[in-house]
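Working notes for the structure below.
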Amino acid sequence: MEMRKLSKDLVTSMLGMGLMRLPTHDDQIDYDHTRQMIDYLIEHGVNYFDTAYFYHGGKSEVVAHDLLISRYPRDSFILTDKLPYGDCKTEEDVMKKFNTQMERLKTDYIDIYLVHGLNDEGWEHCKKYDLMSVFEKLKSQGRIRHIGFSFHGSPEGLRKILTEYDNWDVYQVQLNYLDYYVHGYDKLYKVMEEFDIPCIVMEPLKGGTITKLPEELTTPFRAADPDASIASWGVRWCGTLPKVTVVLSGMSTIDHVKDNVATFSPFKPLTAQDEEIIKQVVELVNRRPVIPCTDCKYCIECPMSINIPKIFDAYNEYIRYENRGHTHWRYNNEFSDSEKPESCTRCGNCLEKCPQHINIPDELVKAHALLSRV
């Protein structure tokens, strides 16, 4: 297993396990299968495990105790947990959540404690209520060893967070070759290059999308190496980036575990030829007939409250990747009824504002026809 230095006192496996998508049976975590996965990872040198307050309704932290903390020496692995900060305004608010986490984990300390899902607005919240002082207090007490954050925001927001606080030990971002080449995350990576702070990458397979690409999109991979899994191309791409220390994978089956372990034992960075093959796949993705929306949001003030850019994003995501399950979930969970395109009255207000000259009313009809049946 490839190992890397995360800090002066932490050496981590390059592969980490996220305890977010654990196998379930009848809506309950499958302990036998999860135990098999964790044991295999430990036996093959993986020592980085990541959980959070809300994963599996809090049961992920309980699993971390039952199948990891209670069964292996505490200093033999690195445990990362996360604080949901949104409703925290006082030290008492933070400590209430932290103490709940410690009760679930039944451990004396957390190796890495992250502000969970930080974004541009969230950082302003943390500063306003001085939440980082609570992290520093916990660190001084030895209850957490390292301070960090996970991030979902803009490149400018990431730069601001990394600049305005001096005590970050690590941080975690979503990154994969589809987000990098198709969705503009190359700009996020350029910010990462500006700072000498270890980075953990999450969603290296874009929530499983990379492993479920239509067969026609994966032809270059199959031609180049018929024996390599589609997933291995994705995690190798992440691991090849110089700023990445850990590639965090939300594995759900023992087969996922075995494939990832094989990819990192030993790890083989992408060659220049491999990178060209990735770009061939990206080119095939970009040839798909998406709506040419740039998310400028000039049309966002729709009289009927339709979230036009978000509708087009959901439509385009399906056209690119054909991830039926994810698209179905998005359309039924991320949109209120008023935000959906069937409310369109074809008033033409959006047509006057779109710099791409998209026939928005017609495209909304097309989007609704697809999204409502996926």
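Here are some notes:
- Single condition His256 does not satisfy, out of (1) in contact with a helix residue (DSSP H, G or I) (Cβ under 9 Å, 6 or more places away or on another chain); (2) surrounded by fewer than 14 Cβ atoms within 10 Å (Cβ to Cβ): (2)
- Residue within segment 261-269 that is closer than 30 Å to Ile360 by Cβ and open to solvent by 30 Å² or more (accessible area, probe 1.4 Å) present: no
- For Ser150, the conditions (1) open to solvent by less than 30 Å² (accessible area, probe 1.4 Å); (2) among the polar types (S, T, N, Q); (3) at pLDDT below 95 all hold with the exception of (3).
- All conditions but one from (1) in contact with a Lys or Arg (Cβ under 8 Å, 6 or more places away or on another chain); (2) closer than 16 Å to Leu83 by Cα; (3) surrounded by 18 or more Cβ atoms within 10 Å (Cβ to Cβ); (4) touching a residue at least 40 places away in the same chain (Cβ under 8 Å) apply to Tyr129; the one that does not is (3).
- Selected residue (criterion: nearest to the chain's Cα centre (by Cα)) from residues of segment 17-29 that are open to solvent by 10 Å² or more (accessible area, probe 1.4 Å) and more than 15 Å from Gly57 (Cβ to Cβ): Pro23
- Within segment 195-217, tally of residues that are in a helix (DSSP H, G or I) and touching a residue at least 12 places away in the same chain (Cβ under 8 Å): 6
- Being in contact with a strand residue (DSSP E or B) (Cβ under 8 Å, 6 or more places away or on another chain), open to solvent by 30 Å² or more (accessible area, probe 1.4 Å) and of a type in the set (Val, Ile, Thr) is true of Val11.
- Per-region count, segment 31-65, residues of a type outside the set (A, V, I, L, M), open to solvent by less than 50 Å² (accessible area, probe 1.4 Å), farther than 22 Å from Glu203 by Cβ and without any contact (Cβ under 8 Å) to a residue 60 or more places away in the chain: 2
- Counted as qualifying within segment 256-374 are the helices (runs of 4 or more DSSP H) with 2 or more residues that are within 22 Å of Lys212 (Cα to Cα) and aromatic (Phe, Trp, Tyr), namely 308-321, 324-333.
- Residues within segment 199-222 that are open to solvent by 10 Å² or more (accessible area, probe 1.4 Å), closer than 25 Å to Arg21 by Cα and either touching a Phe, Trp or Tyr at 6+ places or on another chain (Cβ under 8 Å) or among the basic types (Lys, Arg) (or both), tallied: 4
The values are calculated or read from the model by the stated rules, or taken from the named source; none is laboratory data. Bear in mind that the values here come from a model prediction, so they are computed numbers and not experimental data. Backbone-built Cβ (ideal geometry, glycine too); neighbour counts: all protein chains shown. The protein model used for the area step is the full one, side chains on, heavy atoms only, and it has no ligands, DNA or RNA in it. Shrake-Rupley method; radii C 1.70, N 1.55, O 1.52, S 1.80 Å.
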